[in-house]
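Remarks on the structure that follows.
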Amino acid sequence: METQTHTPNQTFRLGTRRSPLAMAQAEEARDRLARAHGIDPAHIEIVAVTASGDRIQDRALAEIGGKALWTKELDAWLAAGEIDFAVHSAKDVETLRPAQFAIGAVLERADVRDVLIGAESIAALPQGAVVGTSAPRRAAQLLHARPDCTVVTFRGNVATRLAKLAAGEADATFLAAAGLARLGEHGTGHPLDEERWLPAPGQAAILIECRADDARTRDFLSAIDDAPSRATVLAERALLAGLGGNCHSPIAVLTRAEGDQLAMRAALYSPDGAEHVEGEARFAAGDMQGPANLAADLLARAVPAIAVHFGGPGG
């Protein structure tokens, strides 16, 4: 039985981006914490910031600073003590993080699949279809499967991207199933088989960071840490670290828990989708050497058109 370690008059400040999906994730984290500790959700104050990545919508993320655009404002608040913890999409958090921060919790991972909006399947896209995405992974996977298609940059939140599609800026686009579900957009689009269309590292996982030396908050967050989800997300982050990938690097990975083991399948692509290399590995949950070994194997077999996009600082 769980013992209550936090008195009802204690308050915590939760930092989040201001986008609708980020707010939905913040509310999910707040409500899980309130239930776990038997406290009123009002004792967890949601503090929202407009991230640089949300302000700059007209260019690909990789061109304007990469994943740090999602985290730098919240990092500053967290470091200054203005918030107690920050709620992020795991796939948006850079691989190499400041030592002063710790992952306090990874929530139970949701549906990891991508959803195709505008066609029933990749094969069903019309010849020469224009597809909107700002993710190098999705672009490379699409062009690998359908080199006849054209990719155009789609940035913005879910509503913005759906509006661009409705306005005819593209024939189709991709969104994450988990993000659609968290926004209540159930039944939108066609989910893609995750065994054939591997997701992004960290996709569908909510990651919560706090200050590493803040024992009170770490204890508070531990009540909602999902061990299997944490194991898969940390393994995928270890793969990224081993690859030296950044926001330009098309990386796809699927990790499944099988008992106390993890089964990981990963693929690297050239940005134009023409080249790809794939591999898989099994290792114990918590073994960070397993993903590192898979990364080394993939890089050893990667042609120059792929390898040139790896080996830099983790992004």
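Cα centroid distance between region 290-311 and region 214-268, in Å?
What the calculation gives is 18 Å, centre to centre.
Could you list which residues have their amide H under 5 Å from that of ALA129, counting only those 5 or more apart in sequence or on another chain, with H placed in the peptide plane?
THR150
Along the principal axes of its C-alpha atoms, what lengths does region 207-315 span, in descending order and rounded to whole Å?
49, 30, 20
For region 118-192, rounded, prolate or oblate, judged on the Cα gyration tensor with a ≥ b ≥ c (square roots of eigenvalues), a/c < 1.5 rounded, else prolate if a/b > b/c? Walk me through the numbers on the way to the answer.
Values: a/c = 1.65, a/b = 1.46, b/c = 1.13.
Prolate.
Give me, ordered by chain and number, the residues 5 or more places off GLY15 or on other chains with an amide H under 5 Å from its own placed amide H.
Those lying under 5 Å, H to H, from GLY15 are VAL47, ASP84, PHE85, ALA86, VAL87.
Through the Karplus equation 6.51 cos²θ - 1.76 cosθ + 1.60, θ set to phi - 60°, convert the phi angles of region 188-205 into ³J(HN,Hα) values in whole Hz; use x for Gly and Pro.
7, x, 10, x, 9, 4, 5, 6, 9, 10, 5, x, 7, x, x, 4, 6, 10
So what is the relative contact order of region 114-191, in percent, for Cα pairs below 8 Å that sit 6 or more residues apart? Can you show the working numbers first?
Values: 111 pairs, mean separation 36.4, N = 78.
In percent, rounded to a whole number, it is 47.
In terms of modelled amide H atoms, which long-range or inter-chain residues lie less than 5 Å from the amide H of ALA212?
For ALA212, whose amide H was placed from the backbone, the distant partners under 5 Å are PHE101, ALA102.
With springs connecting C-alpha atoms under 10 Å apart, model the chain as a Gaussian network and identify which of ALA123, ALA90, ALA176 has the largest mean-square fluctuation.
ALA123
Could you grab the relative contact order for the chain? Cα pairs under 8 Å, six or more apart, rounded to a whole percent. Intermediate values should be presented prior to the final figure.
On the way: 649 pairs, mean separation 65.1, N = 315.
Relative contact order, the chain: 21 percent.
Among ARG265, ARG218, ARG97, which one shows the biggest mean-square fluctuation in a GNM of the chain, springs joining Cα atoms closer than 10 Å?
Looking only at ARG265, ARG218, ARG97, the largest GNM fluctuation is found for ARG97.
Measure nothing fancy, just the Cα-based angle from helix 136-145's long axis to the longest principal axis of the chain, in degrees from 0 to 90, nearest 10.
Helix 136-145 sits at roughly 30 degrees to that axis.
What number in nm² do you get for the chain if you take the convex hull of its Cα atoms and divide its surface by four? Walk me through the numbers on the way to the answer.
Numbers: hull surface 63.2 nm².
Its Cα hull, projected and averaged over all orientations, spans 15.8 nm².
Between LEU96 and ALA215, what is 0.36 nm times their sequence separation minus the Cα-Cα distance? Round to one decimal in nm.
Numbers: separation 119, 0.36 × 119 = 42.84 nm, distance 2.20 nm.
Result: 40.6 nm gained on full extension.
What number, in percent, do you get for the relative contact order of region 175-315 if the mean sequence gap of Cα pairs under 8 Å and at least 6 apart is divided by its residue count? Mind showing how you got there, number by number?
Values: 199 pairs, mean separation 33.9, N = 141.
Answer for region 175-315 is 24 percent.
Each reported figure results from applying straightforward, stated rules to the coordinates on display, with no laboratory input. This is a predicted model, so every value here is computed, not measured.
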